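The values are calculated or read from the model by the stated rules, or taken from the named source; none is laboratory data. These numbers come from a predicted model, not from an experiment. Methodologically, a virtual Cβ is constructed for each residue, glycine included, from the backbone with ideal geometry; neighbour enumeration extends over all protein chains shown. Side chains are part of the model used for accessible areas, which takes the heavy atoms of the whole protein and leaves out ligands, DNA and RNA. Shrake-Rupley method; radii C 1.70, N 1.55, O 1.52, S 1.80 Å.
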Amino acid sequence: SHGYPPGAYTDGGETDGAIFTITWTDGNERRELYRREIDPLVETTDRGLLKFSLDTRDLPSGQIIFETFIRSHNGWDWTAWSDINFE
């Protein structure tokens, strides 16, 4: 899951959203596996923690990188990754 807690977009919270990405790399090659831009202040379906799954079984050895990119530093970008499981 990834997303924002309610205080970032309710009761005066004014987040302007973020982009969540997951990338695989082996040090030479880099592949973006997942990308989602969310804006919970504007889009109600972007609120809370958003569940997703990603099949990484066929990837060669390497690293999985979780990144969050915020649009601006307005003090409301309380992003989170949660319940990460590799099976």
Open item on the list: How charged is the neighbourhood of Ile22? Take every other residue with its Cβ under 9 Å from the Cβ of Ile22, and add Lys/Arg as +1 and Asp/Glu as -1.
Closed with: -1
- [ ] Working from the alpha-carbon coordinates of the chain, get Rg over Rh, Rh being the Kirkwood radius.
- [x] 1.03
Open item on the list: Could you derive backbone 3J(HN,Hα) for the range 22-33 from the dihedral phi with the Karplus parameters 6.51, -1.76 and 1.60 (θ = phi - 60°), listing whole Hz in sequence and x where the residue is Gly or Pro?
Closed with: 10, 10, 9, 8, 10, x, 10, 9, 9, 10, 7, 9
Open item on the list: Please list, in order along the range 41-52, the HN-Hα scalar couplings obtained from phi with the Karplus expression 6.51 cos²θ - 1.76 cosθ + 1.60 (θ = phi - 60°), rounded to whole Hz, x for Gly and Pro.
Closed with: 5, 9, 10, 5, 6, 8, 8, x, 8, 9, 7, 7
Open item on the list: What number comes out for accessible area per residue over the chain if the probe is 1.4 Å? Units Å², please.
Closed with: 65 Å²
Task: Cβ-based net charge around Gly3, under 14 Å, with every Lys or Arg adding one and every Asp or Glu removing one - done: -3
- [ ] With the full set of protein chains in place, find how many percent of the accessible area of the chain is carbon and sulfur; take the probe as 1.4 Å.
- [x] 46 percent
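Is the shape of the range 1-49 rounded, prolate or oblate, going by the alpha carbon gyration tensor and its root eigenvalues a ≥ b ≥ c, with a/c under 1.5 for rounded and a/b larger than b/c for prolate?
Verdict is prolate for the range 1-49.
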